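Every read-out reported here was derived from the displayed coordinates using simple, explicitly stated rules and does not represent laboratory data. Treat the numbers as computed from the prediction; the structure is a model and nothing was measured. Cβ coordinates were reconstructed from backbone atoms using ideal geometry, including for glycine residues, and neighbour counts include every protein chain displayed.
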Amino acid sequence: MSAPDSTPTNELLFETDQSGIARITLNRPQARNALTFAMYEGLITLSRQIEEDRSIKAVIITGAGEKAFAAGTDIAQFRSFEKAEDALGYERFMDRVLGALERLRVPTIAAVAGACTGGGAAIAAACDMRIATRDARFGFPIARTLGNCLSLGNLKRLSGLIGPARVKDILFTARLVGAEEALAIGLVNEVVEDSGTLGQRASELATLLASHAPLTLQATKEGLRRLAEKPSTDDAAQPGNDLILMTYMSRDFREGMEAFLGKRPPKWEGR
């Protein structure tokens with residue numbers, strides 16, 4: 001499967017503010033924000049743009065409207081699938097999309113209202129933190145709908161969040177998990193009352209994260225990602241010296257020390 005090179009700007013909105021907070025909005029409310037291949041490709045493009053823009057310090061991903069974060073991949077996109085490479089190519093493509101989001105150097109927050117299923121739930125799981133409204137519903141109901149499966153990458157990501165037993169429960173029963181249960185099992189970090197509160201809380205959290213040492217956040221993200229790929233306590237098998245040096249040898253580390261000793265707020269530069 002080959003993905004389009006671009007996405008219609010009205011289906012994937014992107015904006016940044018002066019505080020360094022970037023917002024990506026999945027914008028197909030008439031289709032419960034179901035994602036087209038072009039929108040997925042757009043997420044890869046935006047991930048590259050965010051990586052190159054050092055002024056961006058945190059990212060919020062949300063869906064337009066109040067009914068859905070994203071109701072998965074637009075099913076019509078699968079009608080052209082006929083041969084093995086169509087299926088394998090699609091999952092390789094999705095691994096690229098989710099990997100691009102997961103590897104962003106800055107923290108990412110999924111702000112979820114309403115349905116968050118299939119590819120939408122995979123995007124939320126690839127983010128660092130998830131905030132949900134009380135009416136949010138998460139799941140992968142493919143056992144009673146499409147009859148496909150999740151890639152090993154998606155299974156690993158979900159298992160890391162909630163454990164393999166709960167992943168089996170959700171996939172086998174094909175049920176949707178409510179916000180309170182999602183909070184209890186660690187699928188989301190916080191539940192808010194409604195979509196109005198959601199936007200405000202996501203902005204507050206993003207602003208807090210943007211005020212912290214960017215290299216510390218980046219090293220933490222990358223270190224946890226490496227551990228999830230190859231669980232090991234063997235330094236030779238799981239090198240992390242580059243992350244240690246990135247922070248300890250940085251100007252930010254020196255600034256942090258001087259600011260602490262001088263009893264003043266640090267001024268982070270990200271280098």
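Comparing 148, 33, 241 in a Gaussian network model of the chain where C-alpha atoms under 10 Å apart are linked, the largest mean-square fluctuation is found at 241.
Using the Cβ-Cβ distance between residue 222 and residue 49 with R0 set to 25 Å, the FRET efficiency works out to roughly 0.80.
Computed extension length for residue 92-residue 135: 12.3 nm, one decimal, from 0.36 nm per residue of separation with the Cα-Cα distance subtracted.
The structure shown yields mean projected area of the Cα convex hull in nm², and of the options (i) 14.9; (ii) 15.7; (iii) 12.7 that calculated value carries the label (ii). Between the range 35-103 and the range 155-233, the C-alpha centres lie 18 angstrom from each other.
Selection among 81, 123, 109 by position relative to the dipole of the range 45-153 gives 109 as farthest towards the positive end (Cβ unit charges, Cα centre). In plain terms, the chain from residue 81 to residue 264 could stretch by 59.9 nm, reckoned as 0.36 nm per residue minus the Cα-Cα distance. Dipole size of the range 12-210 about its Cα centre, with +1 on Lys/Arg Cβ and -1 on Asp/Glu Cβ: approximately 360 debye, rounded to the nearest 20. Projecting each Cα onto the charge dipole of the chain (Lys/Arg +1, Asp/Glu -1 at the beta carbon, about the Cα centre), which of 227, 45, 246 comes out farthest on the positive side? With unit charges placed on the Cβ atoms, the residue in question is 227. Annotation: for a label point projected 7 angstrom from Cα along Cα→Cβ of residue 242, residues of the range 202-225 with backbone N closer than 20 Å are 214-225. Averaged over residues, the count of other Cβ atoms within 10 Å places the peptides 17-25, 120-128 in the sequence 120-128, 17-25, highest first.
Ranked for footprinting exposure by Cβ neighbours inside 10 Å, fewest first, 209, 187 give 209, 187. One decimal place: the segment residue 207-residue 10 gains 68.3 nm when fully extended, by the rule 0.36 nm per residue minus the C-alpha distance. Checked against a 25 Å cut-off, the cross-linked pairs 57/168; 156/221; 221/263; 221/267 give Cα-Cα distances beyond that limit for 57/168; 221/263.
Across 160, 72, 119, mean-square fluctuation computed from a Gaussian network of the chain (C-alpha pairs under 10 Å connected) peaks at 160.
In this structure, residue 174 and residue 152 have a Cβ-Cβ separation that, at R0 = 22 Å, corresponds to a calculated FRET efficiency of about 0.65.
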